[in-house]
Amino acid sequence: MKVWQQAIELAVQCYRCTEDFPKSELYGLTSQIRRASTSVAANIAEGHGRENTGSFVQFLRIAQGSLKELETHLIIARRVDTIPGQEFQSLIDQCDEIGKMMRSLIRSLQEKT
């Protein structure tokens, strides 16, 4: 599934990005960004694995929430100068694209039921 593949790539990019965060952020923004980014892909996979459209939609909505949480953490990291502007924008653009894909998938699944 393309949205899952994109979510995996986003999580990988988030892990790479946070490698350069200050050690004082290990249990703060570093942990929060990594947790939220992996949650997006994990919830897409879990919902798909349930093989039930209603459950899949529910897990996609949870993934959307994790995506918004991730965006919030990224904005905070940018405002405290932990992420360079170009890297921040790339991650936000990926979030936007994944969000669009999930909204489209949810609409498509709901139309089938």
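The values are calculated or read from the model by the stated rules, or taken from the named source; none is laboratory data. Since we're looking at a predicted model, the values are computed, not measured. As a convention, Cβ positions derive from the backbone with ideal geometry for all residues, glycine included, and neighbour counts pool all protein chains shown. These area figures cover heavy atoms from the full protein model, side chains too; ligands, DNA and RNA do not enter into them. Shrake-Rupley method; radii C 1.70, N 1.55, O 1.52, S 1.80 Å.
Quick rundown of the values:
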{"item": "Check on residue 13, of a type outside the set (Asp, Glu), free of Cβ contacts under 8 Å to residues at least 40 places away in the same chain and either open to solvent by 20 Å² or more (accessible area, probe 1.4 Å) or in contact with a Leu (Cβ under 7 Å, 6 or more places away or on another chain) (or both)", "result": "no"}
{"item": "Test: residue in segment 32-55 that is over 24 Å from residue 113 (Cβ atoms), surrounded by fewer than 17 Cβ atoms within 10 Å (Cβ to Cβ) and modelled with pLDDT of 95 or more", "result": "yes"}
{"item": "Hits in segment 9-28 - residues which are in a helix (DSSP H, G or I) and either at pLDDT below 95 or within 19 Å of residue 102 (Cβ to Cβ) (or both)", "result": "9, 10, 11, 12, 13, 14, 23, 24, 25"}
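Results for (1) small (Gly, Ala, Ser); (2) open to solvent by 40 Å² or more (accessible area, probe 1.4 Å); (3) in contact (Cβ under 8 Å) with a residue 60 or more places away in the chain; (4) on the phi < 0 side of the Ramachandran plot, shown as yes or no for each residue.
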| position | (1), (2), (3), (4) |
| --- | --- |
| 69 | no, yes, no, yes |
| 81 | no, yes, no, no |
| 85 | yes, no, no, yes |
| 95 | no, no, yes, yes |
| 102 | no, no, yes, yes |
| 107 | no, yes, no, yes |
| 110 | no, yes, no, yes |
